[in-house]
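Asks: I'd like to ask you about the structure that follows.
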Amino acid sequence: MWGRELQEESETRCGESRTCVGLRETGSGYGPGWSQPFTTKEDLKRRIRTACTKVNPEMLFRVRQSFVKRINKCLYVNRQQFEHLIK
């Protein structure tokens, strides 16, 4: 199911290249540590799993802190525009 959706999306947005499905990191070409575009669903899954193993507890802690900070700012401005308040 997911692979078919991914394939259809990549074909409609990128033709045959399959390099622009929203998984690229700005300035790095094909994503973090990727020198070539993915070619199969299994290849993409393998790359995602490999990247997930590099997420450490400190990173998860910072993500949680950032999320709570954003939620609090959103509530502070009564669910209006709040990004300008984040420093």
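Asks: Check cross-link reach from LYS73 to the lysines: straight Cα distance under 24 Å, and skip same-chain residues fewer than eight apart.
Replies: LYS87
Asks: Here is a further query. Which lysines, on any chain, are close to LYS41 with Cα under 21 Å apart, when same-chain ones fewer than 8 places away are left out?
Replies: Partners within reach: LYS54.
Asks: Residue by residue through region 65-75, what is 3J(HN,Hα) from phi via Karplus (6.51 cos²θ - 1.76 cosθ + 1.60, θ = phi - 60°)? Round to whole Hz and write x for glycine and proline.
Replies: Per residue, the Karplus-derived 3J(HN,Hα) values read 4, 4, 4, 4, 4, 5, 4, 5, 5, 4, 5 Hz.
FYI, it's all coordinate maths here, none of it is from the lab. This one's a predicted model, so the numbers in the text were calculated from it and none came from an experiment.
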